[in-house]
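Here the structure comes first, spelled out in structure tokens, and everything after it is commentary.
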Amino acid sequence: MKEPTYKRALIQEHITGTLLQSTLEVAVPFRMLELRQQGGPLERDWQEARDFAEVLATEGDAALFKGHKKGDTARVVKGLIRALAVMAFVPGGVTAWGLHFDAGTPDSSGAICCSTLRGIFDR
């Protein structure tokens, strides 16, 4: 017996959402590390994150579904990774897809307290 179309679509959305979550879980911390190594987000990084809001609003479905043109999905996911990494530097960090990214802030001794990347930035 063949699954109903709506059920197949729900299963596919779950698989794709899980894949996106796993991708973010791995890629955002690396981008955060790159930003930390350059001394934190620069003005251009903040501007790119702000500009990405429009892309996400108009083309965000490409992160979960195949884009219309080749490379659409990769471009949107790459922008999402970059934007989340920048937003991790705001006080309290950012939560998306059930993941929390927080670059933390140095305390008086210069140590970084980070809820999601402890050990990466402490080296």
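The values are calculated or read from the model by the stated rules, or taken from the named source; none is laboratory data. Owing to the predicted nature of the structure, the values given are computational and were not obtained by experimental measurement. Neighbour counts run over all protein chains shown; Cβ positions are idealised from the backbone, glycine included.
Out of the residues in the range 57-72 that are surrounded by 15 or more Cβ atoms within 10 Å (Cβ to Cβ) and at pLDDT 85 or above, state the one that is farthest from V26 (Cα to Cα).
E59
Among the residues of the range 36-49, what is the count of those that are in a helix (DSSP H, G or I), within 12 Å of V86 (Cα to Cα) and free of Cβ contacts under 8 Å to residues at least 12 places away in the same chain? Walk me through how you get there before you give the answer.
First, the residues of the range 36-49 that are in a helix (DSSP H, G or I): 36-37, 43-49.
Okay, now just the ones that are also within 12 Å of V86 (Cα to Cα), so 36, 43-49.
Then drop every residue that is not free of Cβ contacts under 8 Å to residues at least 12 places away in the same chain, which leaves 43-44, 47.
Counting residues in the range 36-49 that are in a helix (DSSP H, G or I), within 12 Å of V86 (Cα to Cα) and free of Cβ contacts under 8 Å to residues at least 12 places away in the same chain gives 3.
Go through the range 61-75 and give me each residue that's closer than 13 Å to L19 by Cβ, in a loop (DSSP other than H, G, I, E, B) and either under 16 Å from the mean Cα position of the chain (by Cα) or without any contact (Cβ under 8 Å) to a residue 24 or more places away in the chain (or both).
Residues satisfying the conditions are L64, K66.
Which of the residues that make up the range 35-49 are of a type in the set (D, E, K, R), over 15 Å from V77 (Cα atoms) and surrounded by 11 or more Cβ atoms within 10 Å (Cβ to Cβ)?
Start the filter on the range 35-49 by keeping residues that are of a type in the set (D, E, K, R), which leaves 36, 43-45, 48.
Still in the list and also over 15 Å from V77 (Cα atoms): 36, 43-45.
Across the range 35-49, the qualifying residues are R36, D45.
Checking F52 against (1) of a type in the set (F, W, Y); (2) in a helix (DSSP H, G or I); (3) surrounded by fewer than 19 Cβ atoms within 10 Å (Cβ to Cβ), only one condition comes out false. Which one?
Of everything listed in (1) of a type in the set (F, W, Y); (2) in a helix (DSSP H, G or I); (3) surrounded by fewer than 19 Cβ atoms within 10 Å (Cβ to Cβ), F52 misses just condition (3).
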